[in-house]
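Q: Supplied in structure tokens, the structure appears directly below.
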Amino acid sequence: MTDRAALGLAAENLACAYLQRAGLILLQRNYRCRRGELDLVMRQGDTVVFVEVRYRSPSAYADGVASVDRHKQARLLAAAQHYLLQHPDAARRPCRFDVVAVTPERGENRVEWITNAIET
């Protein structure tokens, strides 16, 4: 595993634990299809939440949220559509897209959770 992959995995683990402490239920991690990948698929109440996790160093050009550009958003939407086709029960529920940005800050990781980060 590369250093970058290890940092990404650690950020996903941190984000997942953070969201679970907030009451979300994990449905699936790293859902992959030809159209894209979903880092976390979770449920909050009746809502299916597709979560994009972004790890950014403090010196990165764009923060975690800003790095989810139009191209990435299109891939997330396509992957979510595929997921919903494969999981009809989830397709009957409201859905939203959140972003969790993880940024190292003073020896710790700062977690920023943005709900409804991507408008559909």
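Computed from the coordinates by the stated procedures, all read-outs in this text should not be read as laboratory data. Note that the structure is predicted; figures quoted are calculated from it, not measured. Backbone-built Cβ (ideal geometry, glycine too); neighbour counts: all protein chains shown.
Q: Placing unit charges on C-beta atoms (Lys and Arg positive, Asp and Glu negative, everything else neutral), compute the dipole magnitude of the range 3-114 about its Cα centre in debye, rounded to 20. Intermediate values should be presented prior to the final figure.
A: Details: 17 positive and 13 negative charges, 68 e Å.
In debye, rounded to 20, the range 3-114 gives about 320.
Q: Which distance in nm do the two modelled labels at GLU119 and ALA22 give, with both placed 7 Å along the Cα-to-Cβ direction?
A: With each label placed 7 Å out from Cα toward Cβ, I get 2.1 nm.
Q: Also: Tabulate in residue order the Karplus-calculated ³J(HN,Hα) for the range 10-19, using 6.51 cos²θ - 1.76 cosθ + 1.60 with θ = phi - 60°, rounded to whole Hz; enter x for Gly and Pro.
A: Going residue by residue, I get 4, 5, 5, 4, 5, 4, 4, 5, 4, 5 Hz, with x marking Gly and Pro.
Q: Next question, about the same structure. To one decimal place, what orientation-averaged projected area in nm² is obtained for the convex hull of the Cα set of the chain?
A: Result: a mean projected hull area of 7.6 nm².
Q: I would also like to ask the following. Got a sec? Charge dipole of the range 3-114, +1 on Cβ for Lys and Arg, -1 for Asp and Glu; which of THR47, ALA101, ALA79 is way out at the positive end?
A: ALA79
Q: Share of antiparallel DSSP beta bridges in the chain, in percent to the nearest 5?
A: Roughly 70 percent of the beta bridges in the chain run antiparallel, per DSSP.
Q: Okay, moving on. One quarter of the convex hull surface, Cα atoms only: what value does that give for the range 1-56 in nm²?
A: Computing the convex hull of the Cα atoms and averaging its projections yields 4.4 nm².
Q: Which trypsin sites (Lys or Arg not before Pro) does the range 1-42 hold that lie in a coil by DSSP with at most 15 other beta carbons within 10 Å?
A: ARG34, ARG35
Q: Work out from phi, with θ = phi - 60° and the Karplus expression 6.51 cos²θ - 1.76 cosθ + 1.60, the ³J(HN,Hα) of each residue of the range 95-105, listed in order in whole Hz, and give x for Gly and Pro.
A: So the Karplus estimates, Gly and Pro as x, are 10, 8, 10, 10, 10, 10, 9, 10, 10, x, 8 Hz.
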